[in-house]
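The values are calculated or read from the model by the stated rules, or taken from the named source; none is laboratory data. All values derive from a computational prediction rather than experimental measurement. Here the Cβ is made from the backbone with ideal geometry for all residues, glycine too, and neighbour counts use every protein chain on show. We work out accessible area using only protein heavy atoms, side chains counted, and drop any ligands, DNA or RNA first. Shrake-Rupley method; radii C 1.70, N 1.55, O 1.52, S 1.80 Å.
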Amino acid sequence: MTQTASADLITETGVMKRSHYSMIINGKRVDSRSGEVFDTYNPAKGEVLATVAKASEEDAEKAVQAAREAFDHGKWRKYPVGKRSRVLNEIAAIMRKRFKELVEVEVLNSGKSVGAAQVQINQSIEDFEFYAGAIVGHRGHVNNMPNGFFNYTHKEPVGVCAQIIPWNYPLMMAAWKIAPAIAAGCSVVVKPASLTPITALILNEICHEAGVPEGVVNTIPGSGSVIGDYLVTHKDVNKVAFTGSTPTGKDIMAKASSTLKRTTLELGGKSPNIVFADADMEAAVAGSLFGIYFNTGQSCEARSRMFVHEDIYDEFMEQFIEKTEKLQLGDPFDKGTHLGSIISRDQLEVIDGYVQSAKKEGATIATGGKEKKIEGFENGHWYEPTVITNVTPDMKAVREEIFGPVVVVEKFSDEKDAIKRANDTEYGLGSAIWTTNQARATRVAHQIEAGIVMVNCPFSAFPGTPFGGYKESGYGRELCVETLDLYMEDKSVLSYYGAKPLNPFGV
Ligand code: NAD
């Protein structure tokens, strides 16, 4: 891989960090033809971290053509599946070697706590290992046919895929997309979020180091509305895999329809967390805390609507609020930090806007509810973990995705009531149920309109668990074996083996 002169390396805490990151197109670090760059920030400090090449439409075109060439005439899709699998395992091995660097850069660019970053980078590594295994066993099948006919389903990679990534899990979202796509034999053009482009660029370099041929993975940071749009409407792009907000997802779906591209949409959420009276109180409090505050609440499956049974409401809320107030905000590199910073000033203002609107509509801010100043991080973007009670289902803060450390809490009286309220949302991504009654857990799990149900479990996913939404949370499932089919076409090959030639017209 060639390195441009602008990509000078500096060392910080023993880990290599650059002051400039180029795009990666066709296996090379390149800067934008226009020379345009943008700043990417450390949101915990509100400081510029590095400059990043800003892709223009012309650069996006080059990336698409590199991916097209690699797909149409390259060797990657023709490799025996075992060889692709070995390369994916090699990507994982290099990521493990560079674990410290990936964690450090992710923390610096996203402001998340080091503990959260470690979990997410580790999962990203495991994603490559998972798909290295899954692709080997992923095959077509022979179908039952009338005598004389033989039919099999042949799985083929779908082609060039545009993969558009959000800022909340920068590397993990890139891994969720790149790993199954290249395992299936596709070529990809990745568009990371402008706020957090760095680890996706590093991952692209690791792919090359591991043996992915040039042009198979390309990464072009830049404006969503310019190059995102360009990719979504490009005739040489066969599929768009998007993770981001529901409004952008709707826009992408409409635009992709002009060329009937395959689409996968992983969108927003407003996930319910239901605590029944028979829940194990300690586990429910701890799991509910994690459910909303993990990743500083900037999580698509954050359990941001809490429903607590009236019989245990007071006891549960006392513990929940007490523990919320004990959560540590501060230096993201401090191992004791639970919540990192908010990604940007704009996002902080969005969060605060929801809190203020809830207050105006008559809700109670039980704890938190304002920006927090952290010593040594005065210019960063920090918000107190916030609990809002006395809400009604029509409030803006109850209905819309806040995407910050803010939970709204309602009381419920019985199981039917809890299910009805949990489903009273246009979203359907995650959900959590806390109960010691197994029959109830199953009954409720089957009635919740969401792609993911966590039963007495704070975690939403591991490599292998399907991840995706119902309703306006999108469609398609990532992180699982079935994801491979989203990057493949099923071709039916039908042949006739009878001795007597067929003459259907009889002429
Ligand atoms: P966003 O929709 O603003 O941006 C996501 C990506 O799309 C970015 O790379 C952005 O540059 C790009 N983009 C913006 N406009 C575009 C356009 N017109 N055409 C093409 N691309 C465009 O979302 P965000 O603020 O980066 O991320 C937060 C959102 O992501 C939240 O709603 C969250 O729930 C969602 N999310 C969902 C999942 C999931 O798996 N369901 C996971 C993580 C985040």
THR196 versus (1) near the ligand (Cβ under 9 Å from one of its atoms); (2) open to solvent by 10 Å² or more (accessible area, probe 1.4 Å): which is the lone unmet condition?
-> (2)
Which residue out of LYS155, LYS177, LYS191 is surrounded by fewer than 24 Cβ atoms within 10 Å (Cβ to Cβ) and either modelled with pLDDT of 95 or more or within 14 Å of the chain's Cα centre (by Cα) (or both)?
-> LYS155
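Per-residue answers, yes or no, for (1) away from the ligand (no atom under 11 Å from the Cβ); (2) over 30 Å from ARG86 (Cβ atoms); (3) modelled with pLDDT of 95 or more; (4) in the same structural domain as LYS54 (by TED's automatic domain parsing):
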{"site": "ASN204", "(1), (2), (3), (4)": "yes, no, yes, yes"}
{"site": "HIS208", "(1), (2), (3), (4)": "yes, no, yes, yes"}
{"site": "PRO213", "(1), (2), (3), (4)": "yes, no, yes, yes"}
{"site": "THR219", "(1), (2), (3), (4)": "yes, no, yes, yes"}
{"site": "ILE227", "(1), (2), (3), (4)": "no, yes, yes, yes"}
{"site": "LYS235", "(1), (2), (3), (4)": "yes, yes, yes, yes"}
{"site": "THR248", "(1), (2), (3), (4)": "no, yes, yes, yes"}
{"site": "ILE252", "(1), (2), (3), (4)": "no, yes, yes, yes"}
Could you please find all residues in the stretch 142-195 being over 19 Å from ALA256 (Cβ atoms) and of a type in the set (S, T, N, Q)?
-> ASN143, ASN144, ASN147, ASN151, THR153, ASN168, SER194
The helices (runs of 4 or more DSSP H) lying wholly within the stretch 234-339 that contain at least 2 residues that are crowded, with 21+ Cβ neighbours inside 10 Å and under 25 Å from the mean Cα position of the chain (by Cα) are 246-256, 281-293
Considering SER304, SER344, SER299, which residue is over 22 Å from VAL453 (Cα atoms), touching a residue at least 24 places away in the same chain (Cβ under 8 Å) and not assigned by TED's automatic domain parsing to the domain that holds LEU195?
-> SER344
Among the candidates ASP394, ASP331, which residue alone is within 23 Å of VAL275 (Cβ to Cβ) and either not assigned by TED's automatic domain parsing to the domain that holds ALA450 or not aliphatic (A, V, I, L, M) (or both)?
-> ASP394
Do we have any residue at all in the stretch 7-25 that's more than 25 Å from the chain's Cα centre (by Cα), modelled with pLDDT of 95 or more, open to solvent by 30 Å² or more (accessible area, probe 1.4 Å) and among the charged types (D, E, K, R)?
-> no
Restricting to the stretch 205-232, what's the tally of residues that are open to solvent by less than 10 Å² (accessible area, probe 1.4 Å), in contact with a Gly (Cβ under 9 Å, 6 or more places away or on another chain) and either of a type in the set (D, E, K, R) or in a helix (DSSP H, G or I) (or both)?
-> 1
Can ALA162 be described as among the aliphatic types (A, V, I, L, M), touching a residue at least 60 places away in the same chain (Cβ under 8 Å), more than 20 Å from ARG29 (Cβ to Cβ) and touching a His at 6+ places or on another chain (Cβ under 8 Å)?
-> yes
Checking VAL408 against (1) closer than 28 Å to PHE276 by Cβ; (2) open to solvent by 20 Å² or more (accessible area, probe 1.4 Å); (3) touching a Lys or Arg at 6+ places or on another chain (Cβ under 7 Å), which single condition isn't satisfied?
-> (2)
Only one of (1) open to solvent by less than 40 Å² (accessible area, probe 1.4 Å); (2) part of a strand (DSSP E or B) fails for SER492. Which number is that?
-> (1)
Residue match in the stretch 260-276 (condition: within 10 Å of the ligand (Cβ to nearest atom), without any contact (Cβ under 8 Å) to a residue 40 or more places away in the chain and outside the structural domain of VAL406 (by TED's automatic domain parsing)) = no
Report yes if ARG443 is over 28 Å from the mean Cα position of the chain (by Cα), assigned by TED's automatic domain parsing to the domain that holds LYS326, surrounded by fewer than 20 Cβ atoms within 10 Å (Cβ to Cβ) and over 30 Å from ALA44 (Cα atoms), otherwise no.
-> yes
Of (1) modelled with pLDDT of 95 or more; (2) of a type in the set (A, V, I, L, M, F, W, C); (3) not in a helix (DSSP H, G or I), ALA63 satisfies every one except (3)
Checking MET173 against (1) under 22 Å from PHE71 (Cα atoms); (2) within 16 Å of the ligand (Cβ to nearest atom), the condition it does not meet = (1)
How many residues of the stretch 451-465 are more than 11 Å from the ligand (Cβ to nearest atom), open to solvent by 10 Å² or more (accessible area, probe 1.4 Å) and of a type outside the set (S, T, N, Q)? The answer is 8
PHE149 vs. criteria more than 16 Å from the ligand (Cβ to nearest atom), touching a residue at least 60 places away in the same chain (Cβ under 8 Å) and in contact with a Pro (Cβ under 8 Å, 6 or more places away or on another chain) = no
Within the stretch 462-483, work out how many residues are without any contact (Cβ under 8 Å) to a residue 24 or more places away in the chain and over 18 Å from ARG139 (Cα atoms).
-> 2
Identify all residues within the stretch 294-323 that are away from the ligand (no atom under 16 Å from the Cβ), under 21 Å from SER341 (Cα atoms) and among the β-branched types (Val, Ile, Thr); write none if there are none.
-> ILE321
Which listed residue, of GLU449, GLU426, is among the charged types (D, E, K, R), assigned by TED's automatic domain parsing to the domain that holds ASP314 and out of contact with any Gly (no Cβ under 6 Å at 6 or more places or on another chain) | GLU426
All positions within the stretch 147-172 that are hydrophobic (A, V, I, L, M, F, W, C) and in contact with a helix residue (DSSP H, G or I) (Cβ under 8 Å, 6 or more places away or on another chain) | VAL158, VAL160, CYS161, ALA162, ILE164, ILE165, TRP167, LEU171, MET172
